[in-house]
Amino acid sequence: MELLDDLLAELTPEKTAGYDRARIPDEVDDLLLRLVGRLRRADPSELPQAWPELGDRVGMLCLIFAERMAALTVRTGEAEHARWGLAAAGVGARLIDPRDGMVRLALLHDALARIGRDPAPYFKDAEPLAGPSFLEDLRRFPERAEDDRSLAAMRYEADADADGFR
């Protein structure tokens, strides 16, 4: 998909090595924000062409981006970061495995709750990029029992680094 070629060329393995441990925000965050933004704005008829071009590596980067956006949501108090993270989680789950997306949903749900936002509308907004095998999980996640959607249920715990919440 020509729409993404320039961004895919920039998301090299060298540039993205260690992305999961990089400071938040990072230049790779900006590249992924642009990539997810283009996917969100694309004509839905163009999207089926995009998925094979993105591949597993970009799918994993999207899942990592979703985690990082949860942290940034809490650090800044800005829910828009969670909106981008949820869209990226949908892309990553579509490209890799829907189960990998579930953990990111817990992180983003928790982040929105921590800043006092109702997560449901943000989850709804992410539906267009979620694959069919992830869509129902995305739709139902906000309604799950607290003990089934918590960080602990996903074997995560809130932490902090030198820059804040992580």
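Throughout, read-outs are computed from the coordinates displayed, never taken from laboratory work. Please read these numbers as outputs of a predicted model, since none were measured by experiment. No Cβ is skipped: glycine too gets one built from the backbone with ideal geometry, and neighbour counts run over all protein chains shown.
The relative contact order of the stretch 55-165, computed from alpha carbon pairs under 8 Å that lie at least 6 residues apart in sequence, is 27 percent. Karplus-derived 3J(HN,Hα) values for the stretch 9-20, using 6.51 cos²θ - 1.76 cosθ + 1.60 with θ = phi - 60°, are 5, 7, 7, 6, x, 5, 5, 9, 4, x, 4, 5 Hz; glycine and proline are entered as x. Amide H to amide H, with H built 1.01 Å from N, LEU151 comes under 5 Å of no residue 5 or more places away or on another chain. The dipole here belongs to the chain: it is taken about the Cα centre, uses +1 on the Cβ of Lys and Arg and -1 on the Cβ of Asp and Glu, and is about 320 debye.
With contacts taken as Cα pairs under 8 Å at a separation of at least 6 residues, the stretch 24-87 carries a relative contact order of 37 percent. Comparing GLY37, GLY116, GLY85 in a Gaussian network model of the chain where C-alpha atoms under 10 Å apart are linked, the largest mean-square fluctuation is found at GLY116. By the count of other C-beta atoms within 10 Å, a proxy for reagent exposure, ARG34, ARG149, ARG21 are ordered fewest to most as ARG21, ARG34, ARG149. Quick one: go through the stretch 73-95 and flag any residue whose amide nitrogen is under 18 Å from the point 7 Å out along the Cα-to-Cβ line of ALA120. Residues passing the 18 Å test: 83.
Listed by number, the DSSP H helices of the chain that run 20 Å or longer by alpha-carbon position along their axis and have mean Kyte hydropathy of at least -1.0 are 27-41, 47-76, 80-95, 98-114. When shorter helices are ignored and each DSSP H run of at least 4 residues is given -39500 (n - 2.57), the per-residue value for the chain at 222 nm works out to -20000 deg cm²/dmol.
In the set (i) 161, 18, 14; (ii) 42, 36, 24; (iii) 94, 33, 28, the label that goes with Cα extents along the principal axes in Å computed for this structure is (ii). When both the stretch 109-159 and the stretch 7-78 are represented by their alpha-carbon centers, they are found 19 Å apart.
Each peptide in 142-148, 95-101 was scored by the mean count of other Cβ atoms within 10 Å over its residues; highest first, the order is 95-101, 142-148. Counting neighbouring beta carbons within 10 Å and listing from fewest to most, the residues PHE65, PHE134 come out as PHE134, PHE65.
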